[in-house]
1. Take residue 135 and tell me if it is under 30 Å from residue 44 (Cβ atoms), modelled with pLDDT of 75 or more and among the β-branched types (Val, Ile, Thr).
2. Give the stretch 150-167 a look and list any residue that's of a type in the set (D, E, K, R) and in a helix (DSSP H, G or I), or say none.
3. How do the pairs read when you match residues in the stretch 157-175 that are open to solvent by 50 Å² or more (accessible area, probe 1.4 Å) with residues anywhere that are β-branched (Val, Ile, Thr), using Cβ under 6 Å and keeping only pairs 6 or more apart or on different chains?
4. Among residues belonging to the stretch 1-17 that are within 26 Å of the chain's Cα centre (by Cα) and under 10 Å from residue 51 (Cβ atoms), point out the one that is most open to solvent (accessible area, probe 1.4 Å).
5. Any idea how many residues of the stretch 172-196 are of a type in the set (Val, Ile, Thr) and modelled with pLDDT of 90 or more?
6. Identify, by number, the condition in (1) surrounded by 10 or more Cβ atoms within 10 Å (Cβ to Cβ); (2) at pLDDT 85 or above that residue 127 doesn't meet.
7. Could you tell me how many of the residues in the stretch 138-149 are in contact with a Lys or Arg (Cβ under 7 Å, 6 or more places away or on another chain) and either free of Cβ contacts under 8 Å to residues at least 24 places away in the same chain or not in a loop (DSSP other than H, G, I, E, B) (or both)?
8. Select from the stretch 142-185 the residues that are more than 16 Å from the chain's Cα centre (by Cα), among the aliphatic types (A, V, I, L, M) and within 18 Å of residue 125 (Cβ to Cβ) and list them in ascending order.
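The values are calculated or read from the model by the stated rules, or taken from the named source; none is laboratory data. Everything numeric in this text was worked out from a predicted model, so none of it was measured. Cβ: placed from backbone, ideal geometry, glycine included. Neighbour counts: every protein chain shown. Just so you know, the surface numbers come from the protein's heavy atoms only, side chains and all, with ligands and any DNA or RNA stripped out. Shrake-Rupley method; radii C 1.70, N 1.55, O 1.52, S 1.80 Å.
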Amino acid sequence: MIPNNITEQNVLDAIKDFNINGIRYPLARSKKFDLVFNNQTYPPKYIISLANEYANKVYLSHQDFDTYEAQRLLKSLSPNFVIQDKETDNVADLIKKYKIHIKAGGLEDEVYKWELLAEYKAKLNVYAADLYDNIKSIDFGNLLYFNAKTVLIALAKERQEPYRECLKVLFDENKPLAERIKYYCEQTLQIYRVRR
């Protein structure tokens with residue numbers, strides 16, 4: 001249970017401590033949620049544990065309270081303390097697993113994918129006058145499931161401009177990858193449903 005005397009200032013002190021020292025205790029990383037404050041992310045339970053040090057002069061073990069209790073307290077202390085689900089970590093997790101796979105097995109079985117990807121990136125032109133012909137001409141090999149290519153071609157043929165906008169966002173490297181993928185998936189699903 002979290003003591004009821006932790007204040008917003010204690011949390012701000014904990015955040016400052018985190019910015020200077022990082023995580024000082026094991027098992028303090030957040031797996032599912034982040035505290036977002038001033039466009040920075042922090043592990044909510046760890047921040048509460050540190051805030052308790054400032055309020056009560058003792059580190060509060062992560063085992064003494066749950067993440068939802070920490071979230072409720074943070075939200076009640078300030079509207080500037082925002083809790084965010086780490087749902088976008090799926091992409092990072094997939095990349096991490098792929099790196100482990102590569103370390104274990106080497107690149108021999110993967111080189112063709114990178115060659116196809118380089119060829120695919122060079123051929124795909126989201127600004128092509130006829131996006132449908134452009135996409136239809138690309139040999140994706142096994143980078144896509146066979147039915148995925150059929151859907152891409154159909155979208156480019158039947159809903160060319162909305163689909164073009166989705167591709168522009170997907171390839172805009174000024175935006176975070178997870179944000180681009182999420183947008184692309186959501187928007188192409190809407191476009192696909194409209195065409196049916």
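1. Details: under 30 Å from residue 44 (Cβ atoms): no; modelled with pLDDT of 75 or more: yes; among the β-branched types (Val, Ile, Thr): yes.
So residue 135 fails the test.
2. If the condition is that a residue be of a type in the set (D, E, K, R) and in a helix (DSSP H, G or I), then 157, 158, 161, 164, 165 are the ones that fit.
3. Sorted first by the residue in the stretch 157-175, then by its partner, the pairs are 159/191; 168/126.
4. Initial filter on the stretch 1-17 (within 26 Å of the chain's Cα centre (by Cα)): 11-12, 14-17.
Now drop any that are not under 10 Å from residue 51 (Cβ atoms), which leaves 11-12, 14-15, 17.
Numbers: 11: 0, 12: 53, 14: 0, 15: 7, 17: 18 Å².
It comes out as 12.
5. 2
6. So the condition that residue 127 fails would be (1).
7. 1
8. Those that are more than 16 Å from the chain's Cα centre (by Cα), among the aliphatic types (A, V, I, L, M) and within 18 Å of residue 125 (Cβ to Cβ): 143, 144, 152, 153, 155, 156, 167.
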